[in-house]
Amino acid sequence: MSATNRKVILVTGASSGIGEATARALAGAGHTVILGARRKDRLDALKDEITAAGGSASAYALDVTSRENFEAVVADVTQAFGCVDVLVNNAGLMPLAPMAALKVDEWDTMIDVNIRGVLNGIAAVLPLMQARGQGHVVNTASIAAHAVFPTAAVYCATKHAVLAISNGLRLENNRIRVTTISPGVVESELARTTTDRAAREWLEDFRKTALKPEAIASAIAYAIDQPADVNVDEIIVQPTSATH
Ligand code: NDP
């Protein structure tokens with residue numbers, strides 16, 4: 001990869017699943033990856049793996065629900081690497097349950113991480129990207145941004161919001177690229193946040209056909225590696241066997 005194509009890419013939720021696979025793929029392609037999540041021990045292990053393989057990575061403890069934490073990480077990265085070329089807003093969780101179960105704390109957490117986390121990331125990078133006249137925000141939504149499933153009303157609402165936020169951001173900025181990645185079911189730790197027993201059993205069955213997270217990492221890498229004048233608006237990636 002030429003030096004001009006090499007980017008500084010901040011990936012949230014890089015401690016497992018899609019974010020981890022994405023960071024590994026982007027580093028393997030020659031980009032500098034900045035790993036963000038709360039489980040810093042996991043990020044440090046991934047950073048060591050990437051640097052041992054000749055790649056470039058840094059790890060930051062990041063809780064995306066904290067605007068201050070996000071701003072501080074972006075400021076540190078800008079100081080150390082000059083800029084954040086690409087923000088991959090990928091952190092998310094999915095505690096499924098029927099609405100009547102009234103798991104209102106889980107509703108709040110989904111709104112805080114899946115929506116506010118994305119907004120905090122945008123707020124942290126947007127002024128810097130606007131000042132440079134370039135940048136790329138990649139938001140992980142879901143097929144849940146396009147449909148609503150029982151037990152997933154609030155999760156789907158958060159992912160519909162991510163799609164709307166991406167589309168609005170794109171419409172308002174003609175020099176900043178904005179991409180939504182909408183995966184179908186993917187192997188990851190996402191199911192661990194579901195505490196409702198019936199929803200968890202349904203989920204275990206649903207997840208039998210899951211894609212490997214590398215399939216989503218490739219889609220993200222494709223969007224990032226397009227020329228500067230090419231915006232990939234959205235990529236929906238599902239298992240071939242998906243019937244919904
Ligand atoms: P994982 O549970 O494996 O990964 C979720 C990541 O989000 C973890 O790295 C976790 O890190 C991070 N995270 C959670 N809360 C916070 C927080 N407050 N601050 C910072 N990071 C946080 O699941 P996936 O890889 O599957 O999920 C990645 C994204 O993909 C999510 O947005 C999810 O909604 C979306 N998605 C997933 C699908 C799937 O089937 N797997 C399908 C469609 C979309 P840590 O706990 O260390 O902070």
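Assorted remarks:
- Computed from Cα atoms, the angle from the helix 153-172 axis to the main principal axis of the chain rounds to 30 degrees.
- Dipole in debye (nearest 20) - region 118-244, about Cα centre, beta carbon charges: Lys, Arg +1; Asp, Glu -1: 180 debye
- Proxy reagent accessibility, fewest Cβ within 10 Å first, across Asp108, Asp44, Asp63, Asp205: Asp205, Asp108, Asp44, Asp63
- Across the chain, Cα pairs under 8 Å and at least six residues apart give a relative contact order of 20 percent.
- Counting other Cβ atoms within 10 Å as a rough exposure proxy, the listed residues Ile111, Ile176 run Ile111, Ile176 from fewest neighbours to most.
- Over the chain, dividing the summed -39,500 (n - 2.57) contributions of all DSSP H runs of at least 4 residues by the number of residues returns a 222 nm mean residue ellipticity of -14000 deg cm²/dmol.
- Most mobile of Ala217, Ala80, Ala23 in a GNM of the chain (Cα contacts under 10 Å): Ala80
- Note on Ser241/Arg39: beta-carbon distance plugged into 1/(1 + (r/R0)^6) with R0 of 22 Å gives a FRET efficiency of 0.10.
- For a paramagnetic label modelled on Glu71 (point 7 Å from Cα along Cα→Cβ), amide N atoms under 18 Å away belong, within region 117-142, to 117-131.
- Highest-MSF residue in the chain out of Glu71, Glu214, Glu201 [GNM, Cα springs under 10 Å]: Glu201
- The long axis of helix 197-206 is offset from the longest Cα principal axis of the chain by roughly 60 degrees.
- Ranking Gly92, Ala157, Asn5 by how far each Cα lies toward the positive end of the dipole of the chain (charges on Cβ) leaves Asn5 at the top.
- For region 1-61 and region 193-244, distance of Cα centres in Å: 19 Å
- Loop trypsin sites (Lys or Arg not before Pro), region 118-188 (other Cβ atoms within 10 Å of the site Cβ: 13 or fewer; DSSP): Arg175
- Distance in nm between pseudo-label sites at Glu201 and Gln134 (7 Å out along the Cβ direction from Cα): 5.5 nm
- In this Cβ point-charge picture (+1 for Lys and Arg, -1 for Asp and Glu), the chain has a dipole of about 220 debye about its Cα centre.
- Per principal axis, descending, Cα span of the chain in whole Å: 51, 40, 35
Computed from the coordinates by the stated procedures, all read-outs in this text should not be read as laboratory data. Being a predicted model, the structure only gives us computed values, none of them experimental. Note that each Cβ is placed from the backbone with ideal geometry, even for glycine, and that neighbours are counted across all protein chains shown.
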